[in-house]
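The values are calculated or read from the model by the stated rules, or taken from the named source; none is laboratory data. Note that the structure is predicted; figures quoted are calculated from it, not measured. Cβ placement follows ideal geometry from the backbone for every residue including glycine, while neighbour counts extend to all protein chains displayed. Calculation scope for accessible area: heavy atoms of the full protein, side chains included, ligands and nucleic acids excluded. Shrake-Rupley method; radii C 1.70, N 1.55, O 1.52, S 1.80 Å.
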Amino acid sequence: MKFFLDTADLNEIEEAASWGALAGVTTNPSLYAKIGGKLDDFHAHIGRICEIVGPDCPVSAESVAMTRDEIVKDGIELAAIAPNVVVKVPTMVEGLAATRALADKGIPVNMTLCFSVPQALLAARAGARYISPFIGRFDDIADDGLQQVENIVRAIGNYDFTANTVNGEQVEIIAASIRSANHVTQAALMGADIATVPFGVLKKMVQHPLTDRGLDAFMKDWEKVLNA
Ligand code: G3P
């Protein structure tokens, strides 16, 4: 499993990138609004994220257009920011059509707001490079988000979509809307390719009480060695 950071916060991205395990970043309009982002600065902000994480880390930037032509126009402009930009497109009819057009131009797409196996299969056939099923939002409505991810991973794995995607790359499933380290554990056991996690969850993923207790004991014993 690869780890993406789900944020538009440059400080969080810088910090997480410095840990050496970050493989990408995903943003969305809500995350950009959360940091007080301004329309005029949006492209420059995505450019700054791309610079921080480097060319090997895909950075998803979302189109807010609602028609296929506008999404494609948006996508072309977003892709021009940096070679590692991935255009995030909502799973809807206009989004599918735009994804096909962008993929045909060699621009990778992350299909977002995906909540079902049929949506995921259509996204893959339309040429999406990444598909983002949301876990937490299912849990928000008292449904089982992890079960949906498991179904989507299994259904996508049943077929070869390499002919559909940009440069024949295999479509990857991004477990998104992750709210806990346990979501990551379960998504990994189900075979999701990527987990995109908020910074708070990433920090919790590093921690374990037995690690803290063990480290404390090692430090105390090392004191004895130093004083021997
Ligand atoms: O990547 C999508 C994700 O940001 C949505 O998360 O917590 O708003 O459901 P959430």
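Points to keep in mind about this one:
- Of all residues assigned to the stretch 53-62, at least one qualifies as being surrounded by 19 or more Cβ atoms within 10 Å (Cβ to Cβ) and over 23 Å from Phe134 (Cα atoms).
- Residue check, Gly145 in contact (Cβ under 8 Å) with a residue 24 or more places away in the chain, open to solvent by less than 10 Å² (accessible area, probe 1.4 Å) and away from the ligand (no atom under 16 Å from the Cβ): no
- Any hit, the stretch 163-182, residues being touching a residue at least 12 places away in the same chain (Cβ under 8 Å), under 18 Å from Gln147 (Cα atoms), of a type outside the set (D, E, K, R) and assigned to a helix (DSSP H, G or I): yes
- Condition met for Gly157 (at pLDDT 95 or above, in contact with a Gly (Cβ under 8 Å, 6 or more places away or on another chain) and more than 25 Å from Ala79 (Cβ to Cβ)): yes
- Among the helices (runs of 4 or more DSSP H) confined to the stretch 12-113, the ones with at least 1 residues that are away from the ligand (no atom under 14 Å from the Cβ) are located at 42-53, 68-79, 93-104.
- Residues within the stretch 21-45 that are closer than 11 Å to Thr7 by Cα and in contact (Cβ under 8 Å) with a residue 12 or more places away in the chain, tallied: 10
- Per-region count, the stretch 107-126, residues within 20 Å of Asn167 (Cβ to Cβ) and under 17 Å from the mean Cα position of the chain (by Cα): 7
- Scanning the stretch 119-140 for residues that are within 12 Å of the ligand (Cβ to nearest atom) and surrounded by 24 or more Cβ atoms within 10 Å (Cβ to Cβ) returns Tyr130, Ile131, Ser132, Pro133, Ile135.
- Candidate set: the stretch 149-185, residues that are open to solvent by 30 Å² or more (accessible area, probe 1.4 Å) and on the phi > 0 side of the Ramachandran plot; chosen: the one nearest to the ligand (Cβ to nearest atom): Asn167
- Residue match in the stretch 144-160 (condition: in contact with a Lys or Arg (Cβ under 9 Å, 6 or more places away or on another chain) and farther than 18 Å from Ala192 by Cα): no
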